[in-house]
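A quick write-up on the structure given underneath.
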Amino acid sequence: MISEKMLELGKKRSLIREIFEYGKKRGLEIGADKVFDFSIGNPNV
């Protein structure tokens with residue numbers, strides 16, 4: 001059984017997820033090569 005607290009945390013959208021999805025959207029709009037993905041560490045900029 002999953003605790004109510006964990007269930008509620010799973011239902012909320014996180015800020016990190018919002019930023020990730022925004023980056024993917026911008027990549028489609030302006031080109032993925034123009035959007036840096038810092039989620040994989042320090043990219044070579």
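Here, each number is a calculation from the coordinates, and none is a lab measurement. It should be emphasised that the depicted structure is a prediction, and the values quoted were computed from it without experimental measurement. Cβ coordinates were reconstructed from backbone atoms using ideal geometry, including for glycine residues, and neighbour counts include every protein chain displayed.
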Query - Pair list, Cβ under 8 Å, 6 or more apart: the range 1-21 residue free of Cβ contacts under 8 Å to residues at least 60 places away in the same chain, other residue surrounded by 10 or more Cβ atoms within 10 Å (Cβ to Cβ) - result: F20/S39
Requested in this report: Considering only residues that are part of a loop (DSSP other than H, G, I, E, B) and of a type outside the set (S, T, Y), look in the range 1-30 and name the one that is surrounded by the fewest Cβ atoms within 10 Å (Cβ to Cβ).
Outcome: M1
